[in-house]
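**Q** What follows is a structure written as structure tokens; I'll ask about it next.
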Amino acid sequence: MTQVAEPAAKRWVGGGILRKEDPELLTGQGRYVDDIALPGMLWLSFVRSPVAHANLGSIDTTAAKQMPGVVAVLTGQDLADEWAASMPCAWPIADRTMPEEPTTDARVPDHWPVAKDRVRYQGEIVAVVVADSREHAADAVSEVQVDYDELPVVTDLEEALKEGSPVIYDAWGTNKSYTWTLANGEVDRVFNEAPVVVKQRYYHPRLIPNAIEPRGVVVQPVPAQGEFTVWSATQIPHILKILLSLTLNIHEAKMRVIAPDVGGGFGSKLNVYAEELAAVAVARRLGQPVKWIEERTEGYLATIHGRDVIQDMEVAATEDGKLLATRVELFADFGAYMQLVTPGIPLLGAFLYHGVYDCQAYKFVCNGVFTNKTPTDAYRGAGRPEATYAIERIMDALARRVGKDPAEIREMNFIPPFSEAREVASGLQFDSGNYRATLDKAKELAGYDELRREQQASGGRRDGKLLGIGISTYIEICGLAPSQTLSALKYGAGGWDAATIRCHPTGKVTVVTGTSPHGQGHVTTWSQIAADSLGVSPDDVEVIHGDTAFSPIGMDTYGSRSLAVGGTALYKAAEKIRAKARTIAAHELEVAEDDLEWKDGKFQVAGAPDKAKTIPEIAFSAWTAHALPADVEPGLFASAVYDPPNFTFPAGAHICVVEVDPDTGRVEIVKYVAVDDCGNIINPLIVDGQVHGGVAQGIAEAMYEEARYDENGTLLTGNMSTYRIPSAAELPSFTLDRTVTPSSTNPMGVKGIGEAGTIASPPAVLNAVADALRPLGVEFIDLPASAERVWRAIRGARGEAPAERPAVGGETGAASMTPTPEGGQA
Ligand code: MCN
């Protein structure tokens, strides 16, 4: 399926060239934050609250300061003067009960890098130990005596909203941050009149990111100049630079942020963290370089978590299953504080609860809630896996209600194929789509019709196991995106990105990008785009990223935006290069510019192909500047900043086939087919890799992962033995294919792929598990379909145990979360 392009093809875009990044990374020559050692460097270790809610009494640092190698121990009060502002929340969305109503601001609490007087989740920083080695710093942490005056704790999202619940911010008297509503069409009327209404509550568990490289930061101050160089394992060096400067009142020109090689982020490094701010503050205070590398258990407590959302999802339909309207109310657990984009995460899914289906009316309501838990924020997919999960599961429930096959219910409701932007029920403009084509291909690859026949003939059994088939025909919104639209959503920054191309006299090319790859292979794909645009080889292109001294302008990497926005900026910069090169070539060849055509990677005189100029040749003459046309500046350089007119909307069909052991509840995925449509493709190998990783992450979410807290706010799943993630051994081989529906948003016709697998796969797996369990009478099964939960569900259906439903943040059944049977009438 995936082919490596022949170099002779001279067309690099679309070819599966191997990643240029890999030789260095695979031979241990990567340069990560932990590889950095500076003369005189001190180490930081953080004293973290062991309790989830307490007023801080006295903090006695005397014993810690006497420990070997300790240079300083600083509390929140000691560091209070360092902060010019609270930690940033860049998406303080409005509170609006109806879209047209006047808005007030969401409640966004102050959030200090080191707590000053109260802690609100387990793991919050209360003091910083500075020592001459990592070990000395860590040893002294336990010697800091903190007096915690404990307060009542609330970890359950629904409890937090009840009258009488412990309140986390006294001044507000409520744990609600905001209610945000989006509505289109006559939703209530449609629901009242619809012959079929299906309603279901889903819970998307809290997830803990597990990038291979933990977080880390090194700060080098130059006290005499007031300058700082910050190396951080971050996805967002540009944004970090601005927000470090703002929060610490340091001129931006004196702040340089470098994201060296970064070993994965998955959204968890799209943040400005307390440890980064504290490291700069301590380096400024002491005038010495400092370093901090996160411990894995520390990361479980203090790196953001993802998801943790209750969804009350409803669809209204005709008797034969034609969708009329969707309505959803969310309760999103933000944890104790807002991190960088916490409040906005549910909004990334707000427009997608009707999926790829046509309907007349739409309503989305989100309630953001504080609890005494680690803050949640962007985690791969961010808002879109939640939306996809709800609509794709309820479409299966609708199919059952009206007696149709899950594939058929989808086929009859798909938005018909379109190639130009088209408004959908939630009010957005989808860019292009052909949803039926992806499902047709996926069904064929999976052998869907035969599997259904087998299932029917065998009563759903195969070799003593229960056979289940699940479909997910997902859509996502990515390529973040038009700055004006982001402003309407009260996002605090723009959605543009930047690129610069420098064509050197040697014939080589440097590309400077504002994106910040940390596993996505931009060096390779940007080289392919530049190579085709400029008629050079990818090997001649160097791509510079992730260092604000060399790449001062950019918006970084998240939201599967880099290709659609940053890649397009590169494409636009190349257009500028070619426009200038054409002028110079015409002058040198003594023809009119219109007589030149760009062909086979060079400018040729139409009808006289031997009269031609390549970009490297023109770059040389632009550099010597001996005979340039009048008004043409020397040098062949160009920059572009691209702000897209719309998002992009990749979509696809995933089919999962499972066998469930009825005795143990063990689920085995025996086939997984993913047909994705991310528009035109730059590099099929990289796209496949992104889908592989994304699907693996989604399967982990579907079958393994769930962060749990006890009622005191103690994280019960605080390490890798209690928080389960699968390895390659637990995962099947994936069958991948594609359809191509070019995006109407950008000139390359590309859509994002970085999150698609994670968004698509959880409902495919759960629909398959639910399908397998149905013959046993299991009415409902939710995330994650671990062996234990499946086994309990089977026992529940047999009347051997109560039907199990996980409590939010707890171990077992909470009455408030009792589901209606799937497909049950509201
Ligand atoms: N690509 C392509 N053709 C397309 C679409 C994409 O060749 N039609 C290529 C791009 O050129 C790029 C890669 O695929 O090399 C991903 O591009 P894109 O979809 O634009 O996504 P981003 O580069 O913006 O990456 C962000 C996305 C997100 S949001 C998360 S989370 C995520 C992900 O990427 N985290 C990752 N993939 C990850 N992969 C790794 N290894 N590590 C992470 O932390």
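**Q** If you go through region 775-798 one residue at a time, do you hit one that is within 20 Å of the chain's Cα centre (by Cα), at pLDDT 95 or above and surrounded by fewer than 19 Cβ atoms within 10 Å (Cβ to Cβ)?
**A** No: zero hits.
**Q** Looking only at residues that are part of a loop (DSSP other than H, G, I, E, B) and among the hydroxyl-bearing types (Ser, Thr, Tyr) in region 374-417, which one is nearest to the ligand (Cβ to nearest atom)?
**A** Checking each candidate, the answer is Tyr379.
**Q** Looking at the structure I just gave you, is Thr648 among the hydroxyl-bearing types (Ser, Thr, Tyr), surrounded by fewer than 15 Cβ atoms within 10 Å (Cβ to Cβ) and within 35 Å of the chain's Cα centre (by Cα)?
**A** The answer is no for Thr648.
**Q** Tell me, please, whether a residue that is part of a strand (DSSP E or B) and within 30 Å of the chain's Cα centre (by Cα) can be found in region 559-577.
**A** no
**Q** Moving on to the next point. Across region 716-765, what is the total count of residues that are over 30 Å from Glu298 (Cβ atoms) and touching a helix residue (DSSP H, G or I) at 6+ places or on another chain (Cβ under 9 Å)? First the steps, then the outcome.
**A** Taking region 716-765 as the starting set, the residues that turn out to be over 30 Å from Glu298 (Cβ atoms) are 732-753, 756, 760, 763-765.
This time we only want the ones that are touching a helix residue (DSSP H, G or I) at 6+ places or on another chain (Cβ under 9 Å), so: 732, 734-739, 741, 743, 745-748, 750-753, 756, 760, 763-765.
Qualifying residue count, region 716-765: 22.
**Q** So which of Val591, Val605, Val675 is under 29 Å from Phe430 (Cα atoms) and among the β-branched types (Val, Ile, Thr)?
**A** Numbers: Val591 fails: under 29 Å from Phe430 (Cα atoms); Val605 fails: under 29 Å from Phe430 (Cα atoms).
The conditions single out Val675.
**Q** Of the residues Ala702, Ala729, Ala696, only one is within 22 Å of the chain's Cα centre (by Cα) and surrounded by fewer than 23 Cβ atoms within 10 Å (Cβ to Cβ); which? Please lay out each step first, then the result.
**A** Numbers: Ala702 fails: surrounded by fewer than 23 Cβ atoms within 10 Å (Cβ to Cβ); Ala729 fails: within 22 Å of the chain's Cα centre (by Cα).
So the residue among Ala702, Ala729, Ala696 that is within 22 Å of the chain's Cα centre (by Cα) and surrounded by fewer than 23 Cβ atoms within 10 Å (Cβ to Cβ) is Ala696.
**Q** Testing Asp170 on (1) under 25 Å from the mean Cα position of the chain (by Cα); (2) free of Cβ contacts under 8 Å to residues at least 40 places away in the same chain, one condition comes back false. Which one is that?
**A** Condition not satisfied by Asp170: (1).
**Q** Does Val632 satisfy the criteria of being of a type in the set (Val, Ile, Thr) and more than 46 Å from the chain's Cα centre (by Cα)?
**A** Spelling it out, it is not the case that Val632 is of a type in the set (Val, Ile, Thr) and more than 46 Å from the chain's Cα centre (by Cα).
**Q** Here are some conditions: (1) within 16 Å of the ligand (Cβ to nearest atom); (2) touching a Gly at 6+ places or on another chain (Cβ under 6 Å); (3) more than 26 Å from Leu301 (Cβ to Cβ). Leu352 meets all but one. Which one does it not meet?
**A** (2)
Matching residues to (1) surrounded by 20 or more Cβ atoms within 10 Å (Cβ to Cβ); (2) not small (Gly, Ala, Ser):
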position: Val219; (1), (2): yes, yes
position: Gln235; (1), (2): yes, yes
position: Asn249; (1), (2): no, yes
position: Gly264; (1), (2): no, no
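**Q** Applying the selection to region 548-576, what residues are within 6 Å of the ligand (Cβ to nearest atom), at negative phi and among the polar types (S, T, N, Q)?
**A** Matches in region 548-576: Thr557, Ser562.
**Q** With respect to Arg11, determine if the residue is modelled with pLDDT under 95 and out of contact with any Lys or Arg (no Cβ under 9 Å at 6 or more places or on another chain).
**A** yes
This table checks each residue for (1) surrounded by 14 or more Cβ atoms within 10 Å (Cβ to Cβ); (2) over 20 Å from Leu244 (Cα atoms); (3) modelled with pLDDT of 95 or more.
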position	(1), (2), (3)
Val70	yes, yes, yes
Asp78	yes, no, yes
Glu82	yes, no, yes
Arg96	yes, yes, no
Lys116	yes, no, yes
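**Q** Residue by residue through region 614-626, note down the ones that are more than 26 Å from Thr568 (Cβ to Cβ) and either modelled with pLDDT under 95 or touching a helix residue (DSSP H, G or I) at 6+ places or on another chain (Cβ under 7 Å) (or both).
**A** Ser621
**Q** Okay, next question. Say whether the condition of being assigned to a loop (DSSP other than H, G, I, E, B), surrounded by 19 or more Cβ atoms within 10 Å (Cβ to Cβ) and of a type outside the set (Gly, Ala, Ser) is met by at least one residue in region 124-139.
**A** For region 124-139, residues assigned to a loop (DSSP other than H, G, I, E, B), surrounded by 19 or more Cβ atoms within 10 Å (Cβ to Cβ) and of a type outside the set (Gly, Ala, Ser): present.
**Q** Suppose we keep only residues that are within 16 Å of the ligand (Cβ to nearest atom) and buried (at least 24 other Cβ atoms within 10 Å of the Cβ) within region 274-310. Which one would you say is farthest from the chain's Cα centre (by Cα)? So that I can check it myself, show each step before the final result.
**A** From region 274-310, those within 16 Å of the ligand (Cβ to nearest atom) are 294, 299, 303-307; that's our starting set.
Still in the list and also buried (at least 24 other Cβ atoms within 10 Å of the Cβ): 303-307.
Values: Thr303: 14, Ile304: 12, His305: 12, Gly306: 10, Arg307: 11 Å.
Only one residue fits best here, namely Thr303.
**Q** Would you confirm whether or not region 647-656 contains a residue that is farther than 21 Å from Val509 by Cβ, part of a helix (DSSP H, G or I) and away from the ligand (no atom under 16 Å from the Cβ)?
**A** Checking region 647-656: not a single residue is farther than 21 Å from Val509 by Cβ, part of a helix (DSSP H, G or I) and away from the ligand (no atom under 16 Å from the Cβ).
**Q** While we're looking at this one, here's another question. Would you call Tyr353 closer than 28 Å to Ile125 by Cβ, assigned to a loop (DSSP other than H, G, I, E, B), among the hydroxyl-bearing types (Ser, Thr, Tyr) and modelled with pLDDT of 95 or more? Before you say what the answer is, go through the steps one by one.
**A** On the way: closer than 28 Å to Ile125 by Cβ: no; assigned to a loop (DSSP other than H, G, I, E, B): yes; among the hydroxyl-bearing types (Ser, Thr, Tyr): yes; modelled with pLDDT of 95 or more: yes.
No.
**Q** Yes or no: Ile471 within 16 Å of the ligand (Cβ to nearest atom), modelled with pLDDT of 95 or more, farther than 23 Å from Val13 by Cα and buried (at least 24 other Cβ atoms within 10 Å of the Cβ)?
**A** It is false that Ile471 is within 16 Å of the ligand (Cβ to nearest atom), modelled with pLDDT of 95 or more, farther than 23 Å from Val13 by Cα and buried (at least 24 other Cβ atoms within 10 Å of the Cβ).
**Q** Moving on. Of all residues in region 210-252, which are within 16 Å of the ligand (Cβ to nearest atom) and either free of Cβ contacts under 8 Å to residues at least 12 places away in the same chain or more than 16 Å from Ala274 (Cα to Cα) (or both)?
**A** Asn210, Ala211, Ile212, Glu213, His238
**Q** Moving on to the next point. From Val675, Val769, grab the single residue that is more than 16 Å from the ligand (Cβ to nearest atom) and either buried (at least 19 other Cβ atoms within 10 Å of the Cβ) or within 29 Å of Glu159 (Cα to Cα) (or both).
**A** That would be Val769, the only listed residue that is more than 16 Å from the ligand (Cβ to nearest atom) and either buried (at least 19 other Cβ atoms within 10 Å of the Cβ) or within 29 Å of Glu159 (Cα to Cα) (or both).
**Q** From Asp333, Asp320, which residue is assigned to a loop (DSSP other than H, G, I, E, B) and more than 16 Å from the ligand (Cβ to nearest atom)? Step through it out loud before you land on a result.
**A** Values: Asp333 fails: assigned to a loop (DSSP other than H, G, I, E, B).
Within the list Asp333, Asp320, the selection yields Asp320.
**Q** Something else: Is region 516-530 home to any residue that is in a loop (DSSP other than H, G, I, E, B) and more than 16 Å from the ligand (Cβ to nearest atom)?
**A** No.
**Q** Then there's this: Which of the residues belonging to region 732-756 are surrounded by fewer than 24 Cβ atoms within 10 Å (Cβ to Cβ), within 15 Å of the ligand (Cβ to nearest atom), in a loop (DSSP other than H, G, I, E, B) and of a type outside the set (Val, Ile, Thr)? Show your work before the answer.
**A** At the first step, the residues of region 732-756 found to be surrounded by fewer than 24 Cβ atoms within 10 Å (Cβ to Cβ) are 732-740, 742, 744, 747-749.
Restricting the remaining residues to those that are within 15 Å of the ligand (Cβ to nearest atom) gives 736-740, 742, 744, 747-749.
When the remaining residues are screened for being in a loop (DSSP other than H, G, I, E, B), the result is 739-740, 742, 744, 747-749.
Listed by number, the residues that qualify are Pro742, Ser744, Pro747, Met748, Gly749.
**Q** Within region 448-466, which residues are assigned to a loop (DSSP other than H, G, I, E, B) and touching a helix residue (DSSP H, G or I) at 6+ places or on another chain (Cβ under 9 Å)?
**A** Passing the criteria: Gly459, Gly460.
**Q** What pairs come up if the first residue lies in region 13-38 and is under 27 Å from Asp132 (Cα atoms) and among the β-branched types (Val, Ile, Thr), the second is assigned to a loop (DSSP other than H, G, I, E, B) and at pLDDT 95 or above, and their beta carbons are under 6 Å apart, counting only those six or more places apart or on different chains?
**A** Val33/Ala233
**Q** Is at least one residue of region 524-531 over 27 Å from the mean Cα position of the chain (by Cα) and under 24 Å from Ile682 (Cα atoms)?
**A** yes
**Q** Is at least one residue of region 145-153 free of Cβ contacts under 8 Å to residues at least 24 places away in the same chain and of a type outside the set (Gly, Ala, Ser)?
**A** No, that holds for no residue.
The values are calculated or read from the model by the stated rules, or taken from the named source; none is laboratory data. Keep in mind that this is a model prediction, so the values were computed, not measured. Glycine also receives a Cβ, built like all others from the backbone with ideal geometry; neighbour counts cover every protein chain displayed.
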